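The values are calculated or read from the model by the stated rules, or taken from the named source; none is laboratory data. In this text the structure is predicted, and so the values were computed from the model without any measurement. Glycine gets a Cβ as well: all are built from the backbone with ideal geometry, and neighbour counts include every protein chain shown.
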Amino acid sequence: MLLLCLVLLPFVGSLLVAFLPAHARNRAAGLAGCTAFLGLLLAAYLYLWVGVGEVLRFEARWLPAYGLNFMLRMDGLAWLFSILVLGIGVLVILYARYYMSPEDPVPRFFAFLLAFMGAMLGVVLSGNLIQLVIFWELTSLTSFLLIGYWHHRIDVRRGARMAFTVTTIGGLCLLAGVLLLGRIVGSYDLDVVLAAGDVVRAHAWYVPALVLVALGALTKSAQFPFHFWLPHAMAAPTPVSAYLHSATMVKAGVFLLMRLWPVLSGTPEWTWLIGGAGVCTLLLGSFVAIFQHDLKGLLAYSTISHLGLITVLLGIGTPLSVVAAIFHTMNHAIFKASLFMAAGIIDHETGTRDMRVLRGLYKAIPFTAMLAIVASAAMAGVPLLNGFLSKEMFFAETVHVGGTENWWMSYAAVAMGIFSVAYSLRFISVFFGPLPDDLPKKPHEPPRWMRFPVEFLVLLCVVVGMVPELTVGHFLAFASVSVLGQDIPSYDLGIWHGFNLALMMSLVALSGGILFYVLLRKYYALASRNRVPLLHRLKGSQAYETTMLTLFLSASWLVDRLGTRRLQPQLLVIVVALVAIPLMLVRPLPQFAAPQLTDADPLFALMWMIGGACAIAAAWKAKYHRLAALLLVGGTGIATSMTFLWLSAPDLALTQLMVETVTTVLILLGLRWLPPRRMPQAFAEHAPRAVQVRRARDFVVALAGGLGLAAISYAVLTHPAPSKIGDYFVTRALPEGGGTNVVNVLLVDFRGFDTMGEITVLAIVALTVYALLRRFRPAPESVAIPSQQASDVDPAASQSPTQQARSGYLMIPSVYLRFLLPFMGIVVAYFFMRGHNLPGGGFVAGLIFATAIIVQYMIAGTAWVESHIRLRPHRWIAYGLLIACVTGLGAWVLGFPFLTSHTAHLHLPVLGDIHVPSAFLFDLGVFATVVGSTMLILVALAHQSVRSHRVPGGEPAAILAIPTEEIS
């Protein structure tokens, strides 16, 4: 349970912070900081078990038959990344409290940050591969919100969209790779997958799975050729950049490579794919970083380079290279977070990050300058700092893997070391020289607590660099054991190993970097050039923009030539496809059994004839009179409901009847917005030949579509069922579901997860309709509607029949039917309470209640209803989904799969023995969601209709006052 609390804590904090007012700067920062710090304490407490080699697990059964359980798993590697995520998160929150402007909506920022923290914890603690991918995509979504926080800026929107697109595409590839791994191993359980490395590598699908997983990891960690999105993400606020580049977003990719290293590594394909991408990335990133003029741009490309270094170590594939990769991941998180915060302080205090104008800052901000210089030295790999130790291990591994003949990776490592020294010197150069007088702001030291996170991280750089074994030795050891197993290689974290080749490579990198920087500054005019030499034409962002533009233009071209805004051609394509595709795919066509008409009931046949006549009449009448066509369609729906009732399916009949009622009201409201048809009768009878041909074509297509669906339905109904699924539900409804109404038990118990998805989709549709109609303004019509006063007097009583006819509307007396709402409320309660054992249930009850409310709108008018009844459909939807989710999570708490129902048998003094199923609460959530969604759609439509038909200076009329011209 502690693991579950650790993952849920940031999300709970995010929700709490999101509800704070926009100006609550201190409260938002305090709540966010306390949430992250509490999570850090909880993770540190779990070290008592993880530190001795125990693997902590939490499992909640979700879909065990498909291997989809919610699983959390913490070993040494997951614990180390959790500490990085939470520890640096606490420091970033403290730093952001002083960095963010008072004009910014700070609670929104901290809500996004905590949600991102929770998503990252979900990635590192997931014990199920599918679950890992879900949290993986959640990090992409929350990072999009963080990068696009200042959404009023074009560069911010562009950077957020680019990062989201690239990482999401990589996430889809990762999902495909994970599905392949699960299919190879037979399970998505991480423990099972990690133990099946030999099986995976020997399988024919190994290479496709490796490529897909690698695409997910390389896109997330900004590896070549997907590196271009990371510099554009620098448009985010500096606290976001510091967090994403040090311990979270970009580290998710290398974490995935470490996590799946036992499964996918050890083959030439792994080495060439992962190692090759890493070598290209570390050289490209380190070289381009030298020529950046923006402080954060330089740090972004340096991040790309160091991520490439970690990827190369993982691609090398030796056990010691994995240890070095984990060690450098820790060191890079420490010095890179401090450097980004220092860059943010410089920007915050001077008003610019342009290194072409920044110089002499040591005179104005000496403490910050000293901290930034030490952190830059750690990034460059200067001895006695943490970056030197892991970089020396990197040099040693490149020498080891190359042997005595293959030196190309060692040369690449030294070149990267030279470039890293050069761009570190470039960063440090802003602190020396004369202080300019034309800076946007006069620089001074930041507030004490704003500088504290930088001080703490720089202190770690020094302490780890001087006494690594005492500070991080044990953490590195048990993190390495979680990847490599108990047989980890021997290594020495001492700061002195004698004069060896790795030390010589470090000295060459340091001296070569200093010389390279001096030469560039002297002969290349480093501070004034605007392009990267040799690589200025290699622009991944331009390739991305070109690709996106090409896709957009191609889609526009297809829409212009194949698309239409007219509904009739779209329906034509759908119906033709419905008829043609089965004829093309189904070979041979099924043989239909001859219908048996001996037991046909004349009354049933008459009902079908009436329904068919209504359908045909509706199609004919729709050309001239929409309201009459709608009424005829309703007749067809009633015939369908009676058919269900005839065939002993009262639940379906009741549901169909209520859906028919609500749909009729919905379409009736929509008729307001359709253009009027003023086709003369003579023109209708003597239409042009083209119109007659089109009508004949539509008739044939519609007839074929209807016959096709009828044939499919008949084939299904007459085909002998090979399984006994119906008998299964019938026999188990009462003993396992606690109810005798098999249909309701099926919906809220056996297939409750399907119902959960359906009400979620219904809520999404309702919110989408509401969002669209908020900005839609129908053109007002010229016909005025008489005002209806919100009183108990019949609004039509004060008008003579002549006045009513002149007004153009037939008003329905409302005073006689307002008692209908409490009466229908009793009906709703009756159908809801009986649903588990008799026809009814939450869905039907919700539709009945929604119908009762809309009848009040139709009769009494908008003003009266909304002054007497507080609907708040948004809250109905929220509470309904919340109740349904809590019902499912309650089963988790008791150790059962999600939405597992339980029936409690209670004995009450007066009522006697009653059974209370947990599915009752789930059905209550269904009821609330249906009511909220239906009312949100109908009321949104009703308000639009009222808005477009107002009397100047008067109240809005009843929303369904029907024009007399439509019923004449």
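Between Thr368, Thr352, the distinction of being surrounded by fewer than 19 Cβ atoms within 10 Å (Cβ to Cβ), among the polar types (S, T, N, Q), under 23 Å from Gln292 (Cα atoms) and under 41 Å from the mean Cα position of the chain (by Cα) belongs to Thr352 only.
Any residue at all in the range 366-374 that's in contact with a helix residue (DSSP H, G or I) (Cβ under 6 Å, 6 or more places away or on another chain), within 14 Å of His332 (Cα to Cα) and modelled with pLDDT of 90 or more? Yes; the residues of the range 366-374 include at least one that is in contact with a helix residue (DSSP H, G or I) (Cβ under 6 Å, 6 or more places away or on another chain), within 14 Å of His332 (Cα to Cα) and modelled with pLDDT of 90 or more.
Might you let me know whether the range 238-252 holds any residue that is buried (at least 24 other Cβ atoms within 10 Å of the Cβ) and in contact with a Pro (Cβ under 9 Å, 6 or more places away or on another chain)? Taking every residue of the range 238-252 in turn, at least one turns out to be buried (at least 24 other Cβ atoms within 10 Å of the Cβ) and in contact with a Pro (Cβ under 9 Å, 6 or more places away or on another chain). Taken over the range 36-79, the criterion of being charged (D, E, K, R) and in contact with a strand residue (DSSP E or B) (Cβ under 7 Å, 6 or more places away or on another chain) is satisfied by Arg57, Glu59, Arg61, Arg73. The selection criterion, being at pLDDT 95 or above, more than 20 Å from Ala543 (Cβ to Cβ), surrounded by 15 or more Cβ atoms within 10 Å (Cβ to Cβ) and out of contact with any strand residue (DSSP E or B) (no Cβ under 7 Å at 6 or more places or on another chain), holds for Leu175. Of the listed requirements (1) in contact with a strand residue (DSSP E or B) (Cβ under 9 Å, 6 or more places away or on another chain); (2) modelled with pLDDT of 80 or more, Ile877 misses just one: (1).
Is it the case, given these coordinates, that Trp62 is assigned to a helix (DSSP H, G or I) and either touching a His at 6+ places or on another chain (Cβ under 9 Å) or of a type outside the set (D, E, K, R) (or both)? For Trp62, the condition - assigned to a helix (DSSP H, G or I) and either touching a His at 6+ places or on another chain (Cβ under 9 Å) or of a type outside the set (D, E, K, R) (or both) - is not met. Take the conditions in contact with a helix residue (DSSP H, G or I) (Cβ under 8 Å, 6 or more places away or on another chain), of a type in the set (Ser, Thr, Tyr) and either without any contact (Cβ under 8 Å) to a residue 40 or more places away in the chain or not in a helix (DSSP H, G or I) (or both) and apply them to Ser241. Does it pass? Considered against the rule, which asks whether it is in contact with a helix residue (DSSP H, G or I) (Cβ under 8 Å, 6 or more places away or on another chain), of a type in the set (Ser, Thr, Tyr) and either without any contact (Cβ under 8 Å) to a residue 40 or more places away in the chain or not in a helix (DSSP H, G or I) (or both), Ser241 comes out as no. Do we have any residue at all in the range 203-222 that's at pLDDT 90 or above, closer than 30 Å to Ile514 by Cα, crowded, with 21+ Cβ neighbours inside 10 Å and not hydroxyl-bearing (Ser, Thr, Tyr)? Checking the range 203-222: at least one residue is at pLDDT 90 or above, closer than 30 Å to Ile514 by Cα, crowded, with 21+ Cβ neighbours inside 10 Å and not hydroxyl-bearing (Ser, Thr, Tyr).
Of the residues examined, His227 is one that is in contact with a helix residue (DSSP H, G or I) (Cβ under 6 Å, 6 or more places away or on another chain), within 24 Å of Val123 (Cα to Cα) and not in a helix (DSSP H, G or I).
All of (1) within 27 Å of the chain's Cα centre (by Cα); (2) of a type in the set (Val, Ile, Thr); (3) farther than 19 Å from Ala65 by Cβ hold for Val207 with one exception: (1). Here Trp49 meets the list (1) surrounded by fewer than 16 Cβ atoms within 10 Å (Cβ to Cβ); (2) in contact with a helix residue (DSSP H, G or I) (Cβ under 9 Å, 6 or more places away or on another chain) almost entirely, failing just condition (2). Residues in the range 135-161 that are surrounded by fewer than 24 Cβ atoms within 10 Å (Cβ to Cβ), among the aliphatic types (A, V, I, L, M) and in contact (Cβ under 8 Å) with a residue 12 or more places away in the chain: Leu138, Leu141, Leu145, Val156. Is it the case that the range 407-417 has a residue that's in the same structural domain as Val322 (by TED's automatic domain parsing) and either at pLDDT 95 or above or part of a loop (DSSP other than H, G, I, E, B) (or both)? Checked against the condition, which is being in the same structural domain as Val322 (by TED's automatic domain parsing) and either at pLDDT 95 or above or part of a loop (DSSP other than H, G, I, E, B) (or both), the range 407-417 yields at least one hit. Within the range 711-754, the set of residues being touching a residue at least 40 places away in the same chain (Cβ under 8 Å) and under 13 Å from Gly841 (Cβ atoms) comprises Gly737, Gly739, Thr740, Asn741, Val743, Asn744, Val745, Leu747, Val748, Asp749, Gly752. If you go through the range 317-349 and keep only what is of a type in the set (A, V, I, L, M) and surrounded by fewer than 21 Cβ atoms within 10 Å (Cβ to Cβ), you end up with just Leu320. For the range 689-763, the helices (runs of 4 or more DSSP H) that sit wholly inside it and include 1 or more residues that are of a type in the set (D, E, K, R), surrounded by 13 or more Cβ atoms within 10 Å (Cβ to Cβ) and not assigned by TED's automatic domain parsing to the domain that holds Gly840 are 689-718, 725-737. When the range 560-576 is filtered for residues that are in contact with a helix residue (DSSP H, G or I) (Cβ under 8 Å, 6 or more places away or on another chain) and surrounded by 11 or more Cβ atoms within 10 Å (Cβ to Cβ), the ones remaining, listed by number, are Thr564, Leu572, Val575, Val576.
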